[in-house]
Amino acid sequence: MGKSKNSSNGPSNTAPTPTTTTAVDESSLFINRELSWLDFNERVLEEARDPSNPLLDRLKFLAICSSNQDEFFEVRVAGLQAQLYESLEPQDPPPDGMGPLAQLLEISRRAHDFVSRLNDVWLYEVRPELEEHGIRICSPDDLNPSQNAFLDDYFENQVYPVLTPLAIDPAHPFPHVHNKSLNLLLRIEAIHHHGRQLYAVLQVPSVISRLVQLPDESNGRKQFVLLEDVIGPRLDALFGGYRTVERVAFRATRNSDLSIQENEVKSSLLSTIEETLRQRKWGAPVRLEISERADSDFLVQLLSASALELEERDVYKVTGPVDLTVLAGLYKLEGFRDLREPSYEPKTPPAFTGRKSVFRAIREQDFLVHHPYESFGTVVQLIEEASEDPQVLAIKMTLYRTADSNPIITALARAAENGKQVTALVELQARLDEENNIDKARMLQKAGVHVVYGIVGLKTHCKAALVVRREHDGIRRYVHLGTGNYNHTTARFYTDLSYFTCRPEIGEDASALFNLLTGYSQGNTWNKLVVAPMNLADRLSVLIQREAEHAQAGLPARIIAKMNSLVDPRIITLLYEASQAGVKIDLIVRGICCLRPGVPGVSDNITVRSIVDKYLEHSRIAYFANGDDPQVFLSSADWMPRNFRRRVELMFPIEDPPLRTRIIDEILAIALADNIKARILQPDGTYKRIQPQPGEPIVRSQVEFQNLAREHDKALPMAHAVATADRPLRASEP
């Protein structure tokens, strides 16, 4: 294998010297999953604080931190609280040995500190710099008379009609507070009868933008007022004869996990999901965020059994705005180009350049597309061409996370209207995307698409598309397999890999996969695909153990794996054993990692790095040296118990030599060489940012991939473009 011109850290066939064998089943060798996730969000916050990042990108990372924290509480903390308060058994007991109470206490300690620092970064680092560049969020005290007059009119005509104040008294119990809705808790008193104070709740309407832009009065500066600060000074209009003494903003986070067991499905999975979604609005509260101005009386009102019934450790007082996800709206402001990363337009892969027919391109060779550096339009083009091609007989796809105005959804509907056999497996349990997927499923059904919802008890998380086409020599199957979703929006800021092929063995496997998902099929013998929950974990175990055996035999042994999360204790144990056998192991794990590298005698030969940058690292790749016969796999699955046992996932080999070499010597080598956005996991569970050494080339992997895509785009000679340009295939053509 050659080395990348960008790195001297590319894969090597040399096996390290075996280390002393040590038992690897001790709980101290595993990092707690939830605490590891908190460490990941710390790395995101680090990007928000990094002055080398453009200012609006730092702002975006702040909003991402807040959004990440929301989902963590909605799902992970909610699950721990259910274990503690309802005596529920965890699906996957943590190998580190921490019980639910111990985890909740440590999460609370660390999360409170994190929230404090998150707000400090906004208030004292990012906000002042934004104001210097002409972007300002004003408080009510900052406004001049003309701005207040504008807001008076805005409140009266746009806001007041949708407000509904809710009293709290013996006749009006504390109202239900919706998950993550922003609310004002009000203390009011009669204007002419001072003394007795009452309470009320007012939901800040989510149907109105929370960022209210003020009229431009000064050379293009953008000034905003938060909607709650528009409402607050004008509350007396809602309470005739009363005045507002004090107000505080608050927000409750509720249990939003949606888990459907087979015995819970009464009539149909769709109706069961819809009912569960309705119940989600009433999920148990898990967190209260509230303005730091809140006094003890406000907290008594909110923490009472009739309101949220939370422990004090579940209360998070914030110094800045409650819910910093609002800041994402500022990132989208027009102009201010110098405050953002330079824009990048994904390039057309060379194999597609000048092509009118995707099918001809796939017939000639397998190829990879590296998103978002190369365009997701190639995937869209495959489905759109298939929808119109008269020789296409059938299209089958899995849809996990979709998007509004998704051209793939439109193409599938058009294909059905054109008389093709179209099947879409829509996963209704894609977390927090359930309602959107239900809407898309119904739209597809109306167009004549056969819509199925997978296997009860399993999420269908694999990404696969199959196009069946009649050609001169018979039926040919064209297959797309990917590491990411069929979502053209997220494909612009998630790093993923797409694989296109018409290899007969993979085509046969793809047909078998859809038979499994849409009908009754068991005991299939797979040619190339490795499928969870059937055999993915076992296959990975065999591949890791084989490297250990090769190392012990003195053969080249190496493992490089890239994924989002590494949690599965069995796989981690096997990696420890492989390290002890002398296998050099490089892991690129963006988020959660429960493996503890660098432990003497156990994981000396394992390095774990995390890359956090402009794009969300999402591709899953596994490389095994296998002596002198390297193997490379792509996958939809992270190495987690849920992916191995409770999801339908795919791992598939890349056997075309040029593609395999590209993954090894380009994609993996550049990722391993990153010395700008990569952090190395230390034995104690902390992360240390890599710094370029004196004289060492600076490698920011995502920028390198952008540059490579540009080079490929420019290097394609015009003669090649002309030679490869073709008309659509006819059924009679080879």
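Restricting attention to segment 675-709, the residues that are closer than 30 Å to residue 29 by Cβ and part of a helix (DSSP H, G or I) add up to 1.
The helices (runs of 4 or more DSSP H) falling completely within segment 24-131 that include 2 or more residues that are more than 23 Å from the chain's Cα centre (by Cα) and surrounded by 20 or more Cβ atoms within 10 Å (Cβ to Cβ) map to 100-120.
Look at residue 322 and say whether it is surrounded by 15 or more Cβ atoms within 10 Å (Cβ to Cβ), at pLDDT 95 or above, of a type in the set (Val, Ile, Thr) and under 25 Å from the mean Cα position of the chain (by Cα).
yes
Mind listing just one residue for me: the one in segment 319-349 that is among the β-branched types (Val, Ile, Thr) and assigned to a loop (DSSP other than H, G, I, E, B) and, of those, nearest to residue 110 (Cα to Cα)? The extreme case among them is 319.
Among the residues of segment 87-104, is there at least one that is within 20 Å of residue 592 (Cα to Cα) and hydroxyl-bearing (Ser, Thr, Tyr)? Checked against the condition, which is being within 20 Å of residue 592 (Cα to Cα) and hydroxyl-bearing (Ser, Thr, Tyr), segment 87-104 yields no hits at all.
This table checks each residue for (1) farther than 14 Å from residue 213 by Cα; (2) within 31 Å of the chain's Cα centre (by Cα); (3) not hydrophobic (A, V, I, L, M, F, W, C).
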residue: 153; (1), (2), (3): no, no, yes
residue: 157; (1), (2), (3): yes, no, yes
residue: 171; (1), (2), (3): yes, no, no
residue: 177; (1), (2), (3): yes, yes, no
residue: 186; (1), (2), (3): yes, no, no
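Filtering segment 696-731 to residues that are among the charged types (D, E, K, R) and at pLDDT below 95 leaves 696, 710, 711, 713, 714, 726, 727, 730. Only a single item in (1) outside any helix (DSSP H, G or I); (2) in contact (Cβ under 8 Å) with a residue 24 or more places away in the chain; (3) out of contact with any Asp or Glu (no Cβ under 7 Å at 6 or more places or on another chain); (4) more than 18 Å from residue 489 (Cα to Cα) is not met by residue 363, and it is number (1). Taken as a whole, the condition of being at pLDDT below 95, farther than 25 Å from residue 138 by Cα and assigned by TED's automatic domain parsing to the domain that holds residue 198 does not apply to residue 333. Scanning segment 199-219 for residues being closer than 17 Å to residue 322 by Cβ and in a loop (DSSP other than H, G, I, E, B) gives a total of 6.
Condition first: touching a His at 6+ places or on another chain (Cβ under 9 Å), assigned by TED's automatic domain parsing to the domain that holds residue 74 and of a type in the set (S, T, N, Q). Can you find one or more residues in segment 173-196 that meet it?
The answer is no; no qualifying residue exists.
Only a single item in (1) free of Cβ contacts under 8 Å to residues at least 40 places away in the same chain; (2) in contact with a helix residue (DSSP H, G or I) (Cβ under 6 Å, 6 or more places away or on another chain); (3) surrounded by fewer than 17 Cβ atoms within 10 Å (Cβ to Cβ); (4) not polar (S, T, N, Q) is not met by residue 140, and it is number (1).
Residue 613 meets the conditions (1) surrounded by 21 or more Cβ atoms within 10 Å (Cβ to Cβ); (2) under 15 Å from the mean Cα position of the chain (by Cα) in every case but one. The failed one is (1). Restricting attention to segment 376-418, which residues are small (Gly, Ala, Ser), crowded, with 19+ Cβ neighbours inside 10 Å and within 26 Å of the chain's Cα centre (by Cα)? Residue satisfying the conditions is 411 alone.
For segment 194-214, give me each residue that is under 24 Å from residue 129 (Cβ atoms) and over 32 Å from the mean Cα position of the chain (by Cα). Within segment 194-214, 214 is the sole residue that qualifies. Apart from one condition, residue 629 fits all of (1) farther than 21 Å from residue 36 by Cβ; (2) in contact (Cβ under 8 Å) with a residue 24 or more places away in the chain; the exception is (2). Just one of (1) at pLDDT below 95; (2) over 23 Å from the mean Cα position of the chain (by Cα) fails for residue 550. It is (1).
Which of the helices (runs of 4 or more DSSP H) found entirely inside segment 220-318 contain at least 2 residues meeting this: at positive phi and at pLDDT 85 or above?
Counting at least 2 such residues, we get no helices (runs of 4 or more DSSP H) at all.
The values are calculated or read from the model by the stated rules, or taken from the named source; none is laboratory data. Note that the structure is a prediction, hence the values are computed from the model and not measured. Neighbour counts are summed over all protein chains in view; Cβ atoms, including those assigned to glycine, are modelled from backbone coordinates with ideal geometry.
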